[in-house]
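Report on one structure; see the data block that follows.
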Amino acid sequence: MAAPVPPGPEVFDVVIFGASGFTGKYVIREALKFLPPNASPLRTLALAGRSRDRVAAALRWAAAPGPAPDVPILVADASDPASLAAVAARARVLLSCAGPFRLHGRQVAAACAEAGADCLDISGEPEFMERVEADLHEVAARNGSLIVSACGFDSIPAELGFLFNSRQWKPPSAPLSVVAYVNLESDRKIVGNFGTFQSAVLGVANASELQALRRSRPRPAKPKIPGPPPPKGSLIEHDKALGLWVMKLPSADTVVVKRTLAKVTEHPEGLPGADETPEFAEHRKEFWSSIKPAHFGVKISSRSILGLFLWLCTGLFIGILGGFSFGRSLLLKFPELFSIGLFRKTGPTEEEVRSASFKMWFIGRGYSDSARASERGSKPDKEIVTRVSGPEIGYITTPIVLVQCALVLLSQRANLPKGGVYTPGAVFGPTDLQKRLEENGMSFELISTRTLP
């Protein structure tokens, strides 16, 4: 009689990679809320990182003031492909939190693509996201691995916020443009994560690589938007209705939303699920039929011109010094100096995190009757303003969004594409992700609809 086959290593519903990092420990804290006895699809969780001791310390911090639960810790390093392969083989969904992603993220995504594990990350780095799509889409699709970047504040609020605004335009009306105004608020000081600053510096340093990558790939599908492109406008403007000073912001959100619109142009009914129910298939088609493409952009906003000046100075320093080696070393050595206090290596304090929040206004302008868009000299005559708001962006909103995306994957996997590399909007748009976020501290609101003079 043949000997029984020994059981293989346990496969976990979710593995958090980079669990001991600045953001990783907050992701642990958020994920712990949904473990048993909570009635959620997250039944088993493991943590992964380079140092078992540091990950264990992060778990204790996340569980405080209670005792740390018995959560397995896996040792893995982004520079060690074998360790990543071992972790990916034990994950249904891997949450990748170790940035900058252009340095550490591709190896993690590649391991998941090979293993057939789903991978969600919190990158806001366009070159990384587009390179992963170029390099890994085919193998991920073949192996049933769904890889989705930008599943944090970059860029779920922008993606779902755009889709929410778009759905307010009932036929025959149609938007021409939607511009998102990002406003960060706090009772104390607004302080960003050093990793975000580092990613921005490296993005400037490697801008030519992104352009070369785009030239090497087929042009994305171009959505049909009614009317001529809107004027570019000034660098800095004042929106009297909202009481905000706004400035154009080179943003991953813009890139990600445009990639989603290109994908939906190729697939007007959305991406079919691997084994979706007839009810969800019908819902998916209805959802995407209600989405109208529009020109999209992002602007940083502030109640005062001084607040905008801080962002302008930070952008100038990164833009000028990030282009050469010595300048980059200065930026990365003294982030607080060159960001005028907006970023620091130690990140924000707990008090600064708790006191911060965000609002994103989506200003949609278009036509009350899309047929008018083709008339010579016609201008937009309708405006719809919506808003997405929530808690602090990096350590509260990002973990909330990432964990809810994971719960959608765990509970609705058959309704989602079998595999491949996609944007969050293309994957999660027709799911109940917006409803889940509203149940966990975020809001989506219709603010106003008016006729333009």
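The values are calculated or read from the model by the stated rules, or taken from the named source; none is laboratory data. Bear in mind that the values here come from a model prediction, so they are computed numbers and not experimental data. Reconstructed Cβ throughout: ideal geometry from the backbone, glycine too, with neighbour counts over all protein chains shown. Remember, those area values only see protein heavy atoms, side chains included, never the ligands or the DNA or RNA. Shrake-Rupley method; radii C 1.70, N 1.55, O 1.52, S 1.80 Å.
Tell me, yes or no, whether segment 88-101 has at least one residue that is in contact with a helix residue (DSSP H, G or I) (Cβ under 6 Å, 6 or more places away or on another chain), polar (S, T, N, Q) and crowded, with 16+ Cβ neighbours inside 10 Å. Within segment 88-101 (the criterion being in contact with a helix residue (DSSP H, G or I) (Cβ under 6 Å, 6 or more places away or on another chain), polar (S, T, N, Q) and crowded, with 16+ Cβ neighbours inside 10 Å), the answer is yes, since at least one residue qualifies.
Starting from residues that are part of a helix (DSSP H, G or I) and out of contact with any strand residue (DSSP E or B) (no Cβ under 8 Å at 6 or more places or on another chain), keep the ones in segment 11-48 and report whichever is surrounded by the fewest Cβ atoms within 10 Å (Cβ to Cβ). Checked segment 11-48; the qualifying residue surrounded by the fewest Cβ atoms within 10 Å (Cβ to Cβ) is R29. Looking only at residues in segment 223-265 that are more than 26 Å from T314 (Cβ to Cβ) and β-branched (V, I, T), the one that is surrounded by the most Cβ atoms within 10 Å (Cβ to Cβ) is T260.
Taken residue by residue, segment 283-304 has at least one member that is open to solvent by 20 Å² or more (accessible area, probe 1.4 Å), farther than 21 Å from V388 by Cα and among the charged types (D, E, K, R). Looking at E383, E352, E375, just one residue is surrounded by fewer than 23 Cβ atoms within 10 Å (Cβ to Cβ) and modelled with pLDDT of 95 or more, and that residue is E383.
Across segment 278-308, what is the total count of residues that are in a strand (DSSP E or B), closer than 21 Å to Q168 by Cα and small (G, A, S)?
1
T431 passes all but one of (1) under 30 Å from S368 (Cα atoms); (2) not acidic (D, E); (3) not in a loop (DSSP other than H, G, I, E, B); which number fails? Exception for T431: condition (3).
Residue-by-condition table, conditions (1) within 13 Å of L249 (Cβ to Cβ); (2) at pLDDT 95 or above; (3) of a type in the set (F, W, Y):
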site: E269; (1), (2), (3): no, yes, no
site: R284; (1), (2), (3): no, yes, no
site: F287; (1), (2), (3): no, yes, yes
site: S290; (1), (2), (3): no, yes, no
site: F296; (1), (2), (3): yes, yes, yes
site: S304; (1), (2), (3): no, no, no
site: T314; (1), (2), (3): yes, no, no
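The one condition from (1) assigned to a helix (DSSP H, G or I); (2) open to solvent by 50 Å² or more (accessible area, probe 1.4 Å); (3) within 30 Å of F428 (Cα to Cα); (4) touching a residue at least 60 places away in the same chain (Cβ under 8 Å) that D275 does not meet is (1).
Being at negative phi and open to solvent by less than 10 Å² (accessible area, probe 1.4 Å) narrows it down to one residue among F194, F162; which is it?
Values: F194 fails: open to solvent by less than 10 Å² (accessible area, probe 1.4 Å).
Result: F162 is the single residue among F194, F162 that is at negative phi and open to solvent by less than 10 Å² (accessible area, probe 1.4 Å).
For the subset of segment 102-117 comprising residues that are within 21 Å of L410 (Cα to Cα) and open to solvent by 10 Å² or more (accessible area, probe 1.4 Å), which member is nearest to the chain's Cα centre (by Cα)?
As a first pass, look at segment 102-117 and keep what is within 21 Å of L410 (Cα to Cα): 108-117.
Cutting the leftovers down to open to solvent by 10 Å² or more (accessible area, probe 1.4 Å) gives us 110-111, 114-116.
Details: A110: 19, A111: 21, E114: 23, A115: 23, G116: 22 Å.
Top of the filtered list is A110.
Do we find a residue being in a helix (DSSP H, G or I), touching a residue at least 12 places away in the same chain (Cβ under 8 Å), open to solvent by 30 Å² or more (accessible area, probe 1.4 Å) and hydrophobic (A, V, I, L, M, F, W, C) anywhere in segment 408-422? Within segment 408-422 (the criterion being in a helix (DSSP H, G or I), touching a residue at least 12 places away in the same chain (Cβ under 8 Å), open to solvent by 30 Å² or more (accessible area, probe 1.4 Å) and hydrophobic (A, V, I, L, M, F, W, C)), the answer is yes, since at least one residue qualifies.
Every test in (1) open to solvent by less than 50 Å² (accessible area, probe 1.4 Å); (2) farther than 13 Å from I28 by Cα; (3) more than 22 Å from the chain's Cα centre (by Cα) is passed by S79 save one, and that test is (1). For segment 137-177, enumerate the residues that are of a type in the set (S, T, N, Q) and free of Cβ contacts under 8 Å to residues at least 24 places away in the same chain. Residues satisfying the conditions do not exist here. One residue stands out among those in segment 52-66 that are among the small types (G, A, S) and open to solvent by 40 Å² or more (accessible area, probe 1.4 Å): the one that is farthest from V108 (Cα to Cα), which is A64. Among the residues of segment 206-222, at least one is surrounded by 14 or more Cβ atoms within 10 Å (Cβ to Cβ) and small (G, A, S).
The set of residues in segment 434-453 being out of contact with any strand residue (DSSP E or B) (no Cβ under 7 Å at 6 or more places or on another chain) and assigned to a loop (DSSP other than H, G, I, E, B) consists of E439, N440, P453.
Per the conditions (1) under 25 Å from the mean Cα position of the chain (by Cα); (2) modelled with pLDDT of 95 or more; (3) within 30 Å of K418 (Cβ to Cβ), the sole criterion not satisfied by T277 is (1).
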